1. If you restrict to DSSP beta bridges whose two residues both lie in chain B, what percentage is antiparallel, to the nearest 5?
2. Give the calculated FRET efficiency between A:Leu65 and B:Leu389 to the nearest 0.05, with a Förster radius of 30 Å applied to their Cβ-Cβ distance.
3. Taking the Cα centre of the protein assembly as shown as the origin, how large is its charge dipole in debye, to the nearest 20, when only Lys and Arg (+1) and Asp and Glu (-1) carry charge on their Cβ atoms?
4. Dipole magnitude of segment B:1-134 about its Cα centre, charges +1 at Lys/Arg Cβ and -1 at Asp/Glu Cβ only, in debye to the nearest 20?
5. How about segment B:342-417: which trypsin sites (Lys or Arg not before Pro) there are in a DSSP loop, with at most 16 other Cβ atoms within 10 Å of their Cβ?
6. If you take each beta carbon of peptide B:269-275 and count the beta carbons of other chains within 10 angstrom, what is the mean?
7. Mind giving me the nanometre distance, one decimal, between the label points for B:Val217 and B:Val55, set 7 Å out from Cα along Cα→Cβ?
8. Only Lys, Arg, Asp and Glu count, each charged at its Cβ (+1, +1, -1, -1), so figure out the dipole size of chain B about its Cα centre, rounded to 20 debye.
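FYI, it's all coordinate maths here, none of it is from the lab. Keep in mind that this is a model prediction, so the values were computed, not measured. Ideal geometry is used to build each Cβ from the backbone, glycine not excepted, and the neighbour counts take in all protein chains shown.
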Amino acid sequence: MLQIRIHGRGGQGVVTAAEMLSIAAFEQGRHAQAFPSFGSERTGAPVIAYCRIDDKEIRLREPILAPDVLIVQDPTLLHQVDVFQGLHPDGYVLINSRRSFHDLGLAEIEKRYRHERLVTVPASEIALKHVGRPLPNAALLGAFAALSGLISLTAVDHAIRTKFSAKIAENNVAAAAEAYAYIQRELEELSHA
Amino acid sequence: MLEQMEGSRAVARAVALCRPEVICAYPISPQTHIVEGLGEMVRRGDLVDCEFINVESEFAAMSVAIGASATGARTYTATASQGLLFMAEAVYNASGLGLPIVMTIANRAIGAPINIWNDHSDSMSQRDCGWIQLFAESNQEAADLHIQAFKLAEELSMPVMVCMDGFILTHAYERVDIPAQAEVDAFLPPYEPRQVLDPAEPVSIGAMVGPEAFMEVRYLAHAKQLTALDVIPRISEEFAERFGRASGGLVRGYLTADAETIVVALGSVIGTLKDTIDDLRAEGIRIGVLGIQSFRPFPLAAVRRALQDATNVVVLEKSFSVGLGGVVSNDVRLALSGVQLHGYTVIAGLGGRAITKASLQRTLREAIAGTLQPLTFMDLDWRIVNRQLAREAQMRRSGPIAESLLRDVGPIAAKVI
């Protein structure tokens, strides 16, 4: 079972991101469960959403305590919430930022986890360009597809089109595609480094 | 067709397939998405011959439901928590009048302190109101139970609550198989009421009944609920034949046949329990879980049959009777009258406290070892409990409890769970 935990703030589409991820996984024939951490619904408050993906029925309903994947939609949370809590040693980390892990003050994290699975992507900037609003969720899912290969970009596009109306969907699909390409380039550079 | 969707959406779709004629509701978390979805379907014309009535309160919602149902309309509403308490008087009237209303309860705690999260306190507060109460384990079962509920309610002329865990189910996306309209039509015949308010043939409904016949009316309601003990499994079997999956029924065991220890539970926690039990089984521990799908009527005989050969019975419940202990466990104990076994009540998940596999494993191991307290509050934070007790012992004006405890807990935003 693949367990994904998404951290962000109220208003950034954190819950929608987990839901879209589950739709993408379902589109690929897998079982998926997405649910939010049900805090008070306030813009700007820390929000967590979860997604589980498996090849059989998912019965477990506890919050994800030991994620295989962490997606951080808002880097200002990094030093406020222990987002890395329980992260699997082989886990993936995707952070919405133009800065590197080192520049984000995460040098310690870099040492503890596999460096080729730790990436940052300027998802808010990409979203601003394509969607006109700094809502990074779709771009981050595109980036996650490129980082892990665990879901396809086509499935992500399908999920975006399921959740959003036509025009907004296409703008988000474009954001996901750019983030996907960005991570592909990053990973290529890493492999040559 | 199999689709990935939110639990609330699945329930809205299932209810729409039942062709309700009147839907009235007042928004309250975590039920809101269900009636929002239905409202949208009515507005768009996807749900025809249905009137969606916005009301000013939950009390009005149930009152309108009573009026609509009495005119012979298939009627649906949904609520949770304080909303259910606010409509309580009308809830009793609906069952007392024998009106087959179907209502979703998106289970949520009751204040004070105010809390929007899941537990079963709301449904349990109405367990004696004369409604049938069914509990869903998953979103698939929640959707299926609504289709069964209309059939059950109308056959018996008795209202049915379908209880599903707020947020944990209502806000969870998972795959749900939504049947085709023709399949539901074949399963659920048009509503043929026993009593109708009709200007052409005037009758009165709701007479005052004095000591001469009140007990008899009550007894008839009880006798009818007891017949539901036969009707519920029959409808569940017919559903399984038509739709190809088991949903509903009275109780459902998982690995209980040879189990020395059986956990009894209601609702979505059964899923987490099944995973926990698989892990314990892998160590050779003979343990299973008994899910209760029908809490009212309470299936005394089925529960007794399932539990009587066990050595340990652990009732894990998201409800709590202050001054006594368990609510569900009280009924389970009645089912086990005269049976010698070790019984435990575990109160868990109140107000949305996460129920984790790790905590369940630890608790169940203690039950097997015989070291578990007869009444246990799983994952209770004794540190803050004891601090408050000390505060109250030290000074008279110790202040409001909830506020003091929040100060002791500290900022919660920094914690992952």
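1. 25 percent
2. About 0.50, to the nearest 0.05.
3. 1400 debye
4. Here segment B:1-134 has a charge dipole of around 180 debye.
5. Filter output for segment B:342-417: B:Arg396, B:Arg397, B:Lys415.
6. 4
7. 2.0 nm
8. Roughly 1400 debye for chain B.
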